[in-house]
Every structure is written in structure tokens, then in C-alpha cells.
Number of protein chains: 2
Amino acid sequence: PKNFMAKIVKVLNKIKNLAKDDPRRVIHSIKVGLALSLVSLFYYFRPLYDGFGDAAMWAVLTVVVVFEFSVGATLGKGINRGIATLLAGALGVGAHHLANLAGEKGEPILLGILVFILAATSTFTRFFPGVKARYDYGMVIFILTFSLVSVSGYRMEKILELAHQRLSTILIGGSTCVIISIFVCPVWAGEDLHKLVALNIEKLADFLEGFGGEYFGHEGNDGGDEGPAVVVTKDDKSSLQGYKSVLNSKASEESLANFARWEPCHGRFRFRHPWKQYLKIGVLTRQCAYQVEALNSCINSDTQTPPEFKKKIQEACTKMSFESGKALRELATGIRTMTHPNAAEIHLEVSKAAEDDLKTTLKTALLEDIDLLHVIPAATVASLLVEIIACTEKIAEAVNE
Amino acid sequence: PKNFMAKIVKVLNKIKNLAKDDPRRVIHSIKVGLALSLVSLFYYFRPLYDGFGDAAMWAVLTVVVVFEFSVGATLGKGINRGIATLLAGALGVGAHHLANLAGEKGEPILLGILVFILAATSTFTRFFPGVKARYDYGMVIFILTFSLVSVSGYRMEKILELAHQRLSTILIGGSTCVIISIFVCPVWAGEDLHKLVALNIEKLADFLEGFGGEYFGHEGNDGGDEGPAVVVTKDDKSSLQGYKSVLNSKASEESLANFARWEPCHGRFRFRHPWKQYLKIGVLTRQCAYQVEALNSCINSDTQTPPEFKKKIQEACTKMSFESGKALRELATGIRTMTHPNAAEIHLEVSKAAEDDLKTTLKTALLEDIDLLHVIPAATVASLLVEIIACTEKIAEAVNE
């Protein structure tokens with residue numbers, strides 16, 4: 001029983017954290033519940049057609065399947081579902097008609113062949129990356145509706161009646177979802193994407209701003225007793241590890257961008273906001289993150305660098321990383337506020353000047369001991385970073401246009 | 001018309017490439033078509049219950065929605081669907097019964113509240129990462145079935161009849177999918193994962209084996225005329241860029257691992273094959289790939305390294321990267337054939353020896369010119385690679401146990 005209690009507490013904590021991390025999750029759950037009880041009760045009170053049968057079922061099914069977390073995803077699924085049902089329904093009626101002409105014997109054979117051809121080709125279409133990203137759900141509904149209609153075996157009048165009934169229920173279910181998702185605390189995928197891209201850049205900035213202190217600071221202060229210094233490093237490092245999530249952000253960025261393309265104009269975003277620009281920035285940010293990852297393994301490396309050499313390059317390196325971090329932060333702020341990040345350029349200039357300083361230091365320094373193995377990479381990566389920042393800046397400007 | 005023809009040719013080419021890249025896509029499409037026409041015709045010939053209505057619809061729906069590319073995904077969805085329908089059906093009947101007791105006035109209110117609570121909590125559960133990964137589809141079906149059954153408004157006998165009918169059709173649809181996906185050219189997610197992990201390691205090996213020649217070779221041979229040398233580099237590089245896909249392999253590896261956990265024993269894989277080990281190897285491979293990415297930007301860097309210095313480290317560096325590449329290739333082969341990669345250790349030893357050589361070279365070399373900025377990183381990264389390889393080896397051994 002104690003073990004059981006501990007488990008319950010653990011689950012409760014998990015729930016609390018999930019809700020705390022993103023309160024919109026709770027709101028979303030309530031929205032789904034609301035939409036579903038509304039649609040259910042609507043059909044409960046108005047048992048249209050032959051009792052509570054097909055009609056209500058389709059409305060409930062539509063709500064359950066179409067209602068997604070963000071407005072873009074919900075709209076995308078709703079539109080996919082509507083259009084696919086219409087198209088497949090029309091085609092299905094046609095196929096049904098065609099099969100009728102083939103006589104009683106040929107009918108099932110022809111129907112089977114038609115269903116087979118359509119299902120196979122549609123399934124294959126789903127492998128196209130472009131279709132997969134935006135119309136996958138539509139293809140599923142297309143196959144489903146076509147097979148249902150063409151094999152239904154009803155007379156034509158019945159089919160038309162069914163089609164009317166089904167379309168209207170799907171419309172009711174779909175519009176309930178769309179209306180609730182747009183007007184009750186909407187979650188815009190576009191806004192999320194916007195924030196995510198800025199946040200990712202900020203995470204890199206966090207690392208770069210802290211890197212100098214991390215790499216030079218601790219060991220420099222208490223050279224003798226390594227033990228505690230290392231412990232402090234381990235503790236502090238957690239604040240620098242935020243960038244790790246940037247490395248694998250591709251999938252979420254792309255799905256958000258796909259959803260965002262369905263969204264109407266909202267807040268500061270137009271209907272055809274250049275979402276692809278965000279993906280470009282995302283790619284560059286990740287490239288930068290890979291360099292940061294390499295930089296990070298320099299911190300963890302256990303090769304000892306002679307302290308006198310470290311001191312020589314400390315100032316320039318710290319400045320380079322700190323200033324490029326600042327520049328990234330300005331860029332992120334620029335994206336957030338959709339303004340031109342003027343300050344970023346200044347920070348970039350400063351970091352470039354520091355880079356030149358470092359180069360002259362390296363050129364003039366007379367080195368008795370050549371075991372630089374773990375000092376220079378930091379400088380290299382910092383200079384690579386400067387390149388990438390320049391790139392990111394270009395893109396940020398493009399977005400702000 | 002010419003423009004139109006060009007477009008058609010383009011689309012046809014795309015189709016050809018899609019089919020060529022993975023012929024299983026064509027087979028999968030045919031399998032879906034087959035399953036669908038079978039189920040459709042089965043219900044066409046045997047109009048059970050009241051004509052071709054609900055019953056067949058559920059079977060067709062199940063086939064369309066459950067049939068996925070890999071056996072694991074199909075099984076997972078089928079099992080999710082079956083269990084969720086059963087559970088939600090039972091709960092729905094209970095809710096229906098409870099609401100009946102509340103009297104005619106209280107019934108719809110109570111039903112609405114119950115649907116709301118269940119839908120909201122289930123939707124929230126879907127945010128748990130663990131649930132999302134494996135039971136997402138089950139939760140959707142759970143909400144759907146519960147609302148359908150509890151609000152249905154039928155008498156109890158009718159509900160039980162419906163439940164029986166619906167479960168049997170779902171069973172027929174689901175088992176058709178599972179049988180066809182297992183026995184007709186099966187696509188095992190586990191096998192795909194196995195191959196993907198090995199392939200990713202091989203891609204890194206490709207890069208490392210080619211890196212030495214790329215970095216030192218071309219410029220060394222024709223020092224004078226930079227122009228053509230660079231062009232050759234650009235051409236050759238495409239063969240080295242294969243590793244880029246490794247950087248973003250996380251999502252596909254994880255979904256394959258999730259599917260693989262549903263799969264029964266097949267080929268050389270047991271039912272509870274340690275799929276998590278593959279994910280661990282995947283994480284390490286990506287870490288290695290980040291270092292390779294940093295290495296790659298050293299090739300593209302335009303800072304000029306003094307050739308005399310380059311020559312000094314050429315031998316050791318080339319050996320380090322080539323031998324670590326060889327070691328990775330052996331590891332990949334070890335994973336593929338599920339044997340212990342003995343040769344990998346030898347290659348690792350050789351590359352470690354080269355690393356020591358490099359260190360002594362660096363220590364003894366008298367350097368007049370200290371502009372090493374772009375030589376040492378390669379060495380650093382190579383030594384980091386050796387560390388990571390050692391790590392990967394441990395994991396590979398763990399898998400082979």
C-alpha cells in the first residue's frame with residue numbers, strides 16, 4: 001500500500017508538471033470535452049432521420065478525429081475531411097453507377113477492381129513527402145468514403161439522401177471544432193513556431209554567454225584543488241545544457257510550419273506569412289547548435305591545457321563567445337518583436353574585433369609548450385559561430401522585411 | 001501544352017523514384033487495395049443484419065485506418081482499437097445505465113457531464129509522452145466509442161446486439177489487416193530500425209574514410225591552381241554528405257522503435273528484443289555525427305593553413321580518421337550480422353596509436369608560424385571521435401550479448 005501511494009503521488013506530480021509546463025493543455029482538454037458534449041447532446045435532442053444512428057455517429061466521429069491542439073491542425077484536418085468526402089463521394093456515386101451498368105454478374109467484380117485501383121493509388125500517393133505533410137488525412141478519408149459509397153449497394157436516391165445527411169453532419173461536427181478552437185483560447189501553430197524559433201536562438205545565446213565563464217572561470221580561480229571545482233562545474237552546467245533540445249527541433253518545427261499554413265490571419269501574422277523563412281532560420285540555428293555541441297565537448301574534455309596559455313587567450317575568447325551570444329539574443333528579440341535587430345550588428349562587430357585580437361595574440365605568442373590541442377578548437381568554433389551568426393542575421397532581416 | 005507535358009513527365013519521374021527508393025511502397029499500396037476490396041466484397045455478398053449499413057462500414061473503416069506500412073504499426077493500431085473499443089463500450093453501457101436511473105430530466109444532463117469528463121481526461125492523458133508514443137490511437141477510439149455508446153439512447157438489448165455486431169466487424173477488419181500485413185511481404189519495423197541504425201553508422205564511416213583525402217589530398221596535389229581543385233572538391237563532397245541525414249534521424253528511430261515493440265518474433269528478432277539499445281546507439285551515433293558536422297565545416301573553411309604544417313600532420317590525421325571510419329564500419333557490420341565486431345577493436349587500436357603519433361608530432365614540431373587555427377580542430381575532433389567510438393563499441397557489445 002505504501003508503494004502504491006508512492007506511485008499515485010508520482011503520477012499526480014507528473015500530471016501537475018504536464019499542466020504547469022503548458023497550461024494550454026488543460027484548456028485544450030476542456031475544449032475537446034465541450035465540443036464533444038455539445039455535438040452529442042445536439043443529436044441526442046434532435047434524433048434526425050432514423051433515430052440516433054449514422055448521422056450523429058458521423059458528427060461525433062468528426063469531432064473526435066478532427067479536433068487537434070492548434071488551430072492550424074484542426075483547420076487542416078477539417079478542410080481535408082470536407083473536401084475528401086465531397087470528392088470521394090462524387091467519384092463513388094460514379095463508380096456505383098458504372099458498376100450497375102455491368103449487369104448483376106459483373107457488378108461485384110467491377111466494384112472490387114475499382115476499389116482496389118483507387119485504394120492502391122491513393123495509398124501510394126501518401127508516400128509523396130508533400131502529400132504526406134499536408135494531405136495525408138484527406139487521402140485516408142478519400143479512400144474510406146469512396147469504398148463506402150461505391151460498395152454501398154443502395155439505390156441512387158438513397159445514396160443522394162445519405163450523402164446529403166452525411167455531409168451536413170460532417171459540416172456540423174467540423175465547424176463546431178473549428179469555431180471552438182478559434183474562439184476559445186486559440187492555440188496558433190504559427191505563433192508557436194514563431195516563439196519556438198526565437199526560443200531556440202535564445203538557448204544558443206544562453207550557452208554562448210555562459211561558455212566563457214564555464215571554460216576559463218572555474219579552473220582559473222582555484223587551480224590547485226580540482227575536485228570541488230569540477231563539482232561546481234557539473235552543477236552549473238545544467239543551465240548551459242538548454243541548447244541540447246535545439247539539436248532535435250527539426251520535426252516539431254516542420255509540423256508547426258505545416259499547420260501554420262492552414263491558419264487564417266491572426267495577431268501579427270498574415271494568412272500567407274512566410275513560414276518557410278522560419279524553417280530556414282531553424283536550419284541555420286541547428287547548424288549553429290552542432291558547433292555549440294562541439295564546443296560543449298571541449299568543456300568536458302579532460303586533456304589539460306597549460307594555464308599560462310589559457311590566460312593568454314581567455315579575454316579574447318570570452319569576449320567572442322559572449323558577444324556572439326549577445327548578438328544571437330538580439331536576433332531572437334528582433335524575431336519576437338518583429339523589428340530590425342540593430343543592436344545585433346554592433347555585438348557582431350565587437351565579437352569580430354575580438355576574433356582579430358585572438359588571431360594576433362596567437363600569431364605573436366611564443367609557445368614553448370605546443371600542447372594546444374584543447375584551446376584552439378574553442379577559438380575555431382567561435383569563429384565559425386561568427387560566420388553562422390552573419391548568416392542568421394541575413395535571414396532575420398529577410399523575415400523582418 | 002508543352003509545359004503541361006513537362007509537368008507530367010516530372011510527376012512520372014517522381015513516382016518512379018519513390019517506387020525505386022523503396023519498392024515495398026508499391027507492395028504496400030497493393031496490399032491495402034487487396035485488404036479493402038476483400039472486406040468490401042465480403043460485406044457486399046453477405047449483407048448481414050439490416051442491409052449494408054453500420055456493420056460493413058465499421059469493417060471498411062477499420063481497414064482504412066488500421067493498415068499501416070509496417071507490421072508493428074498495424075498490430076499496434078489494431079490492438080489499440082480492439083481494446084479501446086471493448087473498454088469504452090463497457091464503460092459506455094455503464095454510463096448509459098447510470099443516466100437511465102437519473103430520470104428523464106436528469107438523463108441528458110448527466111450524460112453530457114459524463115461525456116465531458118471522460119473526453120477531457122482522456123484528451124489530457126494523450127499529452128503524456130509515454131501514452132502519446134504507444135496508445136494515442138487507442139485514446140482516440142476510447143473517447144469515440146464511449147460517446148457513441150453512452151449517448152446512443154437505445155434500449156439495453158439493442159446496445160448489446162450492436163456491441164456484438166460492431167466488435168465482430170472490427171475483429172474481421174482488424175484481423176484482415178494484420179494477416180495480410182504479416183503474411184504478404186511483411187515490412188518489419190524492427191528490421192528497419194536494425195538496418196537504419198547500422199546504415200547511420202556506415203554513413204559516418206563513409207565520411208571519416210573519405211575525410212583525410214578530402215582535407216589533405218586535393219590541395220596537397222596541385223597546390224598552385226586552386227580553381228579546379230576546389231571544383232573537384234565540390235563534386236566529390238556529395239559522396240561525403242551522406243551523414244547529414246544522421247543528424248535528424250531521432251524522430252524516425254523513435255517511431256520505428258515504438259512500432260517494433262508491438263511486433264512478434266520474426267527472423268532473428270525475439271518478441272522482446274532490446275529495442276531500447278538501438279535508441280541508445282542512435283543517440284551516440286548522432287553525437288558522433290555532430291562532431292563530424294564540425295569536422296565538415298573545417299573542410300569548407302577558407303582560412304589558409306600553411307602547407308608545410310599540413311604535411312606534418314597529414315599522415316597521422318588521415319590515419320586517425322580512416323581507421324576510426326574502419327572501426328565504425330566494422331561495428332555496423334557487427335550490428336547487421338549480430339556478431340561480435342572483433343576487427344573494430346583492432347582498428348580502434350591503430351587509430352589510437354595514430355593519435356599518440358600526432359601528439360608527439362605536435363609536441364616536437366618547432367613552429368615558426370603559429371596560424372594553426374584550422375589544422376588542430378581536425379585533430380581534436382578526431383580524438384573526440386575515438387572517445388565516442390569507444391562508447392559506441394560498448395553499446396554494440398551490449399546488443400550482441
Defining the label point at 7 Å along Cα→Cβ, can you sort the distances from residue B:346 to the same site in each other copy, shortest first, in nm? 6.3
Between copies, how close do the residue B:244 label points come, placed 7 Å along Cα→Cβ, listed in nm from shortest? 2.7
Name the residue farthest towards the positive end of the dipole of segment B:115-201 from the options B:198, B:146, B:174, assuming +1 on Cβ of Lys and Arg, -1 on Cβ of Asp and Glu, about the Cα centre. B:146
Toward the positive end of the charge dipole of segment B:1-134, about the Cα centre and with charges on Cβ (Lys, Arg +1; Asp, Glu -1), which of B:98, B:115, B:33 goes farthest? B:33
Any idea of the accessible area per residue across segment B:31-190, 1.4 Å probe, to the nearest Å²? 41 Å²
Among A:7/B:280; B:20/B:195; B:77/B:250, which pairs are too far apart, with a Cα-Cα distance over 20 Å? A:7/B:280; B:77/B:250
Can you tell me which of B:167-179, A:240-252 comes out highest on packing, and rank the rest after it, using the mean Cβ neighbours within 10 Å? B:167-179, A:240-252
Ranked order, B:81, A:261, A:270 - accessible area, probe 1.4 Å, largest first: A:270, A:261, B:81
Segment B:1-146 - percent of accessible surface contributed by carbon and sulfur, probe 1.4 Å: 72 percent
Classify segment B:1-122 as rounded, prolate or oblate from the Cα gyration tensor: take a ≥ b ≥ c as the square roots of its eigenvalues, call it rounded if a/c is under 1.5, otherwise prolate when a/b beats b/c and oblate if not. prolate
Using a Förster distance of 51 Å, the FRET efficiency for residue A:98-residue A:360 (Cβ separation, nearest 0.05): 0.05
Which distances, in nm and shortest first, link the residue A:175 label point to the same label point in every other copy, taking 7 Å along Cα→Cβ? 4.4
Length gained if residue B:83 through residue B:315 is fully extended, taking 0.36 nm per residue and subtracting the Cα-Cα distance, is 77.3 nm
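Do any GluC sites (Glu not before Pro) in segment B:88-169 lie in a DSSP loop with no more than 15 other beta carbon atoms within 10 Å, and if so, which?
none
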Just checking the output field for A:24-35: average partner chain Cβ neighbours within 10 Å of each residue's Cβ? 5
Under 27 Å Cα to Cα from residue A:312, which lysines show up? Leave out anything in the same chain fewer than 8 places away. A:234, A:237, A:326, A:352, A:359, A:363, B:310, B:312, B:359, B:363
Losing no less than 20 Å² of accessible area (probe 1.4 Å) relative to the isolated chain, the residues of segment B:64-99 are B:64
About the Cα centre of segment A:11-167, how large is the charge dipole given +1 on each Lys and Arg Cβ and -1 on each Asp and Glu Cβ? Please answer in debye to the nearest 20. 720 debye
Taking a crude spin-label model, label points 7 Å out from Cα along the C-beta direction, the residue B:3 to residue A:183 distance in nm is 4.3 nm
When the accessible area of each residue in segment A:134-173 is compared between its chain alone and the complete protein assembly (1.4 Å probe; ligands, DNA and RNA ignored), which residues differ by at least 20 Å², being lower in the assembly? A:140, A:143, A:144, A:147, A:148, A:151, A:152, A:154
On protein heavy atoms with a 1.4 Å probe, the accessible surface that disappears when A meets B, both sides summed and given to 100 Å², is 6900 Å²
Run the numbers for residue B:17 and residue B:167: contour at 0.36 nm per residue of separation, minus the present Cα-Cα distance, in nm. 49.9 nm
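The values are calculated or read from the model by the stated rules, or taken from the named source; none is laboratory data. These numbers were taken from a predicted model, which means no experiment stands behind them. Note that we place each Cβ from the backbone using ideal geometry, even for glycine, and neighbour counts take in every protein chain shown. Heads up: the accessible areas ignore ligands, DNA and RNA and are worked out on the full protein's heavy atoms, side chains in. Shrake-Rupley method; radii C 1.70, N 1.55, O 1.52, S 1.80 Å.
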